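The values are calculated or read from the model by the stated rules, or taken from the named source; none is laboratory data. Model, not experiment: these values are computed from the prediction. Note that we place each Cβ from the backbone using ideal geometry, even for glycine, and neighbour counts take in every protein chain shown. What goes into the accessible areas is simple: the full protein's heavy atoms, side chains included, and nothing from ligands, DNA or RNA. Shrake-Rupley method; radii C 1.70, N 1.55, O 1.52, S 1.80 Å.
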Amino acid sequence: MSGAEWRSESAYHNVGKAEPADIAWEWLRRDREYQKAFRALLGSKRSGATDHFRRKWGLTFRS
């Protein structure tokens, strides 16, 4: 996770250009349960996110 201070206005000078998906990602990546689930996924032998993981966290991936 980024070390940027989330309360610092200067850390988010481009927020006006953000799309809804950008805001959603910033929200999700700060969620402790998501962080825990992501670490568990990284620690598994899987080569990518499972369907369950994607559905639970509302993730879709562009190709």
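Values as computed for the structure displayed
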read-out	value
Residue (of His52, Gly16, Leu28) at the positive-pole extreme of the chain, dipole from beta-carbon charges	His52
Percent carbon-and-sulfur accessible area, the chain, ignoring ligands, DNA and RNA, probe 1.4 Å	54 percent
Accessible surface, per residue, of the chain when the full set of protein chains is kept, probe 1.4 Å, Å²	93 Å²
Dipole moment magnitude, nearest 20 debye, the chain about Cα centre, only Lys, Arg, Asp, Glu C-beta charged	440 debye
The chain: angle of helix 20-29 to the longest principal axis, Cα-based, in degrees nearest 10	70 degrees
Between helix 32-43 and the chain: long-axis angle, C-alpha atoms, 0 to 90°, nearest 10	50 degrees
Inter-site label distance for Asp31 and Lys45 at 7 Å from Cα along Cβ, in nm	2.9 nm
